[in-house]
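The structure under discussion appears below in the form of structure tokens.
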């Protein structure tokens, strides 16, 4: 166990809806990264937060947004859901510059 | 540009025989390299990491990997496969830019035959 938790475990949404996924970091970590893992593929980097600021972003549209809170927990928000957003969403916490520890993920299904 | 290639999408071995999962990378920077394992319907677990110290890195569960700069490779090995090793394995490159830029390889699915 890494100490990184995510909620909910599973989620089913309808196309066009909005969703919020949550992540609780490992104690002492100040950085959170989010990834999207489509079925049968490797995780794709969405963005990273360090001390409550987004400091890096992958090739994802603005409808993917996030927050990091003072206790370093984090949210991933996705607006205007599309069918292709169906995936496993992984959160990873770390100290900036060091290895990342992953949570169990949230499985999002968009119908 | 940075990239990670895992040369085999699927590897099948018999229980008790050696495991070799191959990884090559391309990076303009001096990267950190990792191997992660993902069991079905689970998150990712860190197996081992290379961060410019010893080139032969030992990880958990008997896995190890050797960093070869001249070959830009970071292959993962284990002397004797167990049934519990069946999983998806990801080679990962990390570069310190304005943020921790992390790139995953496409993954290698390891099957272990009893």
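The values are calculated or read from the model by the stated rules, or taken from the named source; none is laboratory data. All figures in this text were calculated on a predicted structure; none of them were measured in a lab. Positions of Cβ are backbone-derived with ideal geometry, glycine not excepted, and every protein chain shown enters the neighbour counts.
Note on the range B:40-55: among residues that are closer than 20 Å to residue B:29 by Cα and surrounded by fewer than 17 Cβ atoms within 10 Å (Cβ to Cβ), the one that is nearest to the other protein chains (Cβ to nearest Cβ) is B:51.
Could you check the range B:31-42 and list, in sequence order, the residues that are touching a strand residue (DSSP E or B) at 6+ places or on another chain (Cβ under 7 Å) and either within 25 Å of residue A:106 (Cβ to Cβ) or part of a loop (DSSP other than H, G, I, E, B) (or both)?
Filtering the range B:31-42 for residues touching a strand residue (DSSP E or B) at 6+ places or on another chain (Cβ under 7 Å) gives B:31-39.
Across the range B:31-42, the qualifying residues are B:31, B:34, B:35, B:36, B:37, B:38, B:39.
In the range A:12-35, the residue that is surrounded by the fewest Cβ atoms within 10 Å (Cβ to Cβ) out of those that are more than 15 Å from the chain's Cα centre (by Cα) and in a strand (DSSP E or B) is A:12.
May I ask you to verify whether residue B:11 is surrounded by 20 or more Cβ atoms within 10 Å (Cβ to Cβ) and farther than 17 Å from residue A:101 by Cβ? Break it down into steps so the answer makes sense when it comes.
Numbers: surrounded by 20 or more Cβ atoms within 10 Å (Cβ to Cβ): no; farther than 17 Å from residue A:101 by Cβ: yes.
No: the conditions fail for residue B:11.
Selection of the range B:23-49 for residues being under 14 Å from residue B:90 (Cα atoms) and without any contact (Cβ under 8 Å) to a residue 40 or more places away in the chain yields B:42, B:43, B:45, B:46, B:48, B:49. Could you please let me know if residue B:28 is at pLDDT 95 or above, more than 12 Å from chain A (Cβ to nearest Cβ), assigned to a loop (DSSP other than H, G, I, E, B) and at negative phi? In short, no. Residues that are touching a residue at least 12 places away in the same chain (Cβ under 8 Å), within 11 Å of another protein chain (Cβ to nearest Cβ) and not in a strand (DSSP E or B) occur at least once in the range A:43-61.
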